[in-house]
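In what follows, a single structure is set out as structure tokens and then discussed.
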Amino acid sequence: MEGHRDIVLSISYIPGHQLIATSSKDHTIRIWDAQTLKCLYIGKGHTDAVGAIGIPNRTERLVYSASNDCTLKCWQIPSKHDLEGDSVVDLNCKFTVKAHEKDINSIAISPNDRIIATSSQDKTIALWDAETGKLLRRLVGHKRGVWDIKFSPIDKCIVSASADKTIRLWSIDDGTCLKTLQGHIQSVLKVQFLTLGMQLLSVGGDGLLKLWTIKNDDCVLTLEAHQNKAWALDVWGDGEQVVTGGSDSTISIWKDVTLEVREKNIESQQQLSMKEQDLSNALQLKDYKKAVKLAFELDHPRCMLTVLKKMEFGSESQLLEIVSNFNESELMKCLLYIRDWNTNSKFCHISQNILRLIFQTHPPSEIQKCPRIKEILQGLIAYTDRHIRRLTNISQSSYLVDYTLRCVSHLGEQEMTDDKPIIKNKVTFFDTVLVESVQPPEILITSTDEKSQSQEKEQDQQKPQLKFSQNLLVSPKKVEEIKKAKPHVSGDSLDDDYIRQDYEVFEEEEEDGQLLGSKKKMNLDMTAENPFQSESERNDRKRALENGEEVAWEPTPTKRKKSGRPKPRPKLKAFRRR
């Protein structure tokens, strides 16, 4: 088809008459016979390149053109009877209007042929009356030039694609912007409605073909249509096929495979359910070999971990056999699973055990063939070092627990030397020292077995016997009571440590911080006289000793050595005389 003298910018098909309309940079539009491919009509009148052509949906014998001279023209197509031989008939211009301030990029006609929409580089969209060419409304909102516009097939709205990388949906009634879709990284050059106006298709300068859902404002599909700008987009039918063209000199034809994909998804879901059921049955029947194969096929690391745990606590030989039979893909998956398991301290033991079996059964040359082995080993080394430090700290802390248990057991053995626990009665006060009066319980032997009695006597004889050093502030009468209550003590000796367990001596400070009692332990003779007491006090003390009463001695004051650091003294509580 030859006729235009410059680049052809637009082409449209007129289905009612089997005609093709084209526009060119030579300032003309031409109408061709689709069967004979001959030029029938020519429209002259534009003063600049004609970039867009609009074909009505119902009205016959009309063509709309928009040019870079900022004008919109309506052309009347004569009938074929007016044709004379092979000559080209000129088209009659019905009306001409100045539509925009800059180049007009696109023309769209409403489904009822009543409204014409034009978009321009002046960032606006204009709506015109199709019969009179009167301006109805101007839509403003885009920040850059508007490349394409389309009317919705079912709603009173129009969609626009702009160089500001956005797609906007406008209301025809009031001219408001209803939605704004963002996703392209370069100018959006073409847009089309799909599936009865529920979805949108768009192409742009980034070479991407995007599918949008208007209800959710989401881009549900992105395809790489061209390597450069995609300038052309058209839809056949209701979206069964889509054609795109780009500046990479290619035309791509796309087919809607939604039904096929949906059927495949349903089939794959059924197969997945069957495999999951087989995996559950294999675990129930303890068929671990089949369970491992199914876990690899389903890519279920959790199921794989469960199977390996059961095999580890069961038969390690069977586990070793399964690990040794891993092929290259299964080995790769298993190493990835181990790397993920090793990050959790709960699963680090099983992961380290399986890793050990892999290194035992597979040679290093086979392991090195794994494509991501370096990344896997780096992850394993990092977390393995962390687990080693954690276990080392736990092992060191266990020594303190062992030491504490040994100390507690030693204390328990000391307490078991007494037949019954010591009963503490109320507290009695003396001059300067408080001593708790303790009534040791009597020993009652209820066993009638002579052998057990002899064993108890042998145990009592094995206890250490120490001389009583009179290091505690107690009266001779109380010492005699303790000797009578403890039949295992032989002779005049008494276990000094035992008395320390039965009696507690305390010391307290007054408000001014001065001690009332002595901290130093002294060897006191209970019958000796205190040289620091008066004669009347000595006589009172003698009478008390003769009557067997308890007497608390005030210890003899001692002088602290000037040279050297004094040794720490046991702190004792003391009280004043009431």
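The values are calculated or read from the model by the stated rules, or taken from the named source; none is laboratory data. Remember, predicted model here, so these are calculated numbers, not experimental data. Backbone-built Cβ (ideal geometry, glycine too); neighbour counts: all protein chains shown. Please note that ligands, DNA and RNA were not included when accessible areas were found on the heavy atoms of the full protein model with its side chains. Shrake-Rupley method; radii C 1.70, N 1.55, O 1.52, S 1.80 Å.
Amide H contacts of TRP231 (H built 1.01 Å from N, in plane; Pro and chain starts excluded): GLY245, GLY246, SER247 sit under 5 Å, all sequence-distant by 5 or more or on other chains.
Taking θ as phi - 60° and the Karplus parameters 6.51, -1.76 and 1.60, the scalar couplings of segment 188-198 work out to 8, 9, 9, 8, 9, 7, 9, 6, 6, x, 8 Hz in sequence order, x denoting glycine and proline. Here, segment 314-389 has an Rg and a Dmax of 12.1, 34 Å when only alpha carbons are counted.
For ILE29, the amide hydrogen comes within under 5 Å of the amide hydrogens of GLY43, counting only partners 5 or more places away or on other chains and with H modelled in the peptide plane.
Remark: relative contact order (segment 174-268) = 19 percent; criterion is Cα-Cα distance under 8 angstrom and separation of 6 or more residues. Phi angles of segment 238-255 translate, via the Karplus equation with coefficients 6.51, -1.76, 1.60 and θ = phi - 60°, into HN-Hα couplings of 9, x, 5, 9, 10, 10, 10, x, x, 6, 8, 6, 10, 10, 10, 10, 10, 10 Hz per residue; Gly and Pro are given as x.
For segment 250-304, the relative contact order works out to 24 percent when only alpha carbon pairs closer than 8 Å and six or more residues apart are counted. For segment 1-138, the equivalent ellipsoid derived from the Cα gyration tensor has semi-axes of 24, 17, 12 Å, listed largest first. With Cα atoms defining each centre, segment 108-136 and segment 233-257 are spaced 26 Å apart in the structure. Amide H contacts under 5 Å for CYS70: ILE104, restricted to partners 5 or more places along the chain or on a different chain, H placed in the peptide plane at 1.01 Å from N.
Phi-derived couplings, Karplus 6.51 cos²θ - 1.76 cosθ + 1.60 at θ = phi - 60°, listed residue by residue for segment 267-278: 5, 5, 5, 5, 5, 5, 5, 5, 5, 5, 5, 4 Hz, with x used for Gly and Pro. Legend: residues GLU263, GLU321, GLU2, sorted from most to least accessible area (1.4 Å probe; ligands, DNA and RNA excluded), read GLU2, GLU263, GLU321. Other residues whose C-beta falls under 10 angstrom from the C-beta of THR195 contribute a net charge of -2, scoring Lys and Arg +1 and Asp and Glu -1.
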